[in-house]
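Undergrad: Pasting a structure below so you can have a look.
The numbers here are math on the coordinates, done by the rules we state, and not lab data. All values derive from a computational prediction rather than experimental measurement. As a convention, Cβ positions derive from the backbone with ideal geometry for all residues, glycine included, and neighbour counts pool all protein chains shown.
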Ligand code: NAP
């Protein structure tokens with residue numbers, strides 16, 4: 001059975017299946033459902049909540065804040081600083097704004113959303129200050145390809161714990177070189193858009209395989225990412241679909257099934273630029 005927790009390079013533990021929040025907080029009519037879905041996920045053990053100052057211009061952080069109110073200690077909270085804010089001072093200021101929206105006094109994992117114009121050493125200096133002050137428990141990056149990771153490793157004092165990248169059965173480019181590099185250095189891989197924002201679920205091959213296993217296409221897509229040792233963070237505003245996604249933790253994929261999946265969704269045979277959304 002896939003493990004429910006992973007120990008990061010700095011010794012802290014994080015759930016291996018989380019919940020995304022992109023597109024939450026955009027409309028007041030769906031707010032109740034979004035909060036109910038996140039809370040259901042927390043109750044079911046998907047206590048990792050991934051958000052960002054970018055999502056709904058802070059609106060998603062507010063939804064996440066409301067969902068975790070009264071249960072902060074159960075949650076592993078991830079948020080991200082926009083590259084345009086990621087200067088030495090700007091990172092701290094953006095972080096404090098995120099704290100307010102989230103209604104908490106710490107964030108478990110703080111990520112640089114993608115590479116921007118500020119030098120990495122500035123951003124990481126700010127992350128180190130937050131770490132020293134106990135305001136974050138770990139930091140990392142997102143959308144970093146191999147060359148970015150190699151450069152980042154010159155400035156992060158070995159402290160980058162996570163790289164959050166687009167990864168799913170239909171987008172396996174990171175398996176060429178990035179995934180192995182990260183594994184070797186114990187940098188955990190969070191898989192964003194694990195359902196390719198539902199595009200993957202329309203694949204006839206995935207549907208056929210899921211039917212064969214008497215599970216849903218979403219469960220198969222998530223179970224495969226768990227098997228790969230990555231941390232999928234599917235977003236759902238539906239309690240029913242959160243319950244469905246949670247069951248991915250109970251699925252073991254036998255080598256024969258993995259082989260068939262490789263046939264339908266072949267691994268890369270050359271270097272591809274990092275896929276992003
Ligand atoms: P995703 O999780 O692949 O797909 C989300 C979509 O799938 C939603 O439309 C959701 O609809 C639907 N869905 C969820 N569970 C389902 C199920 N069991 N069956 C059918 N449909 C299902 O896409 P994502 O939101 O782009 O990625 C997940 C999270 O990763 C984001 O929310 C965000 O936190 C993070 N992310 C990070 C970056 C980055 O640059 N670091 C980029 C993209 C995403 P309902 O809500 O109606 O269920």
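Undergrad: Is the range 196-277 best put as rounded, prolate or oblate by its Cα gyration tensor, with a ≥ b ≥ c the root eigenvalues, rounded for a/c under 1.5, and otherwise prolate when a/b is larger than b/c, oblate when not? Mind dumping the intermediate values first?
TA: Details: a/c = 1.62, a/b = 1.20, b/c = 1.35.
Oblate shape, in that a/c is at least 1.5 and b/c is the bigger or equal ratio.
Undergrad: Which value in deg cm²/dmol, rounded to the nearest 500, describes the helix-derived mean residue ellipticity at 222 nm for the chain, given -39,500 (n - 2.57) per DSSP H run of n ≥ 4 and division by the residue count?
TA: Values: 10 runs with 104 residues, N = 277.
About -11000 deg cm²/dmol.
Undergrad: Here's another thing I want to ask about it. Can you tell me the order of 240-248, 261-269 when each peptide is scored by its average per-residue count of other Cβ atoms within 10 angstrom, highest first? Write down the numbers at each step before the final one.
TA: Details: 240-248: 19.0, 261-269: 12.7.
The densest-packed peptide leads the list: 240-248, 261-269.
Undergrad: If packing is taken as the average number of other Cβ atoms within 10 Å across a peptide's residues, how do 9-15, 198-204, 51-57 rank, most packed first? Please list the in-between numbers first.
TA: Values: 9-15: 15.3, 198-204: 13.4, 51-57: 21.0.
In descending order of packing, they fall as 51-57, 9-15, 198-204.
Undergrad: Oh, and also: Rounded, prolate or oblate: which fits the chain, taking a ≥ b ≥ c as square roots of the Cα gyration tensor eigenvalues, rounded meaning a/c under 1.5, else prolate when a/b beats b/c?
TA: oblate
Undergrad: Another question, if that's okay. Starting from the Cα gyration tensor of the range 137-277, take the square roots of the eigenvalues, sort them a ≥ b ≥ c, and report rounded, prolate or oblate (rounded when a/c is under 1.5, otherwise prolate if a/b is larger than b/c, else oblate). Walk me through the intermediate numbers first.
TA: Details: a/c = 2.13, a/b = 1.60, b/c = 1.33.
Judged from the Cα gyration tensor, the range 137-277 comes out prolate (a/c at least 1.5, a/b above b/c).
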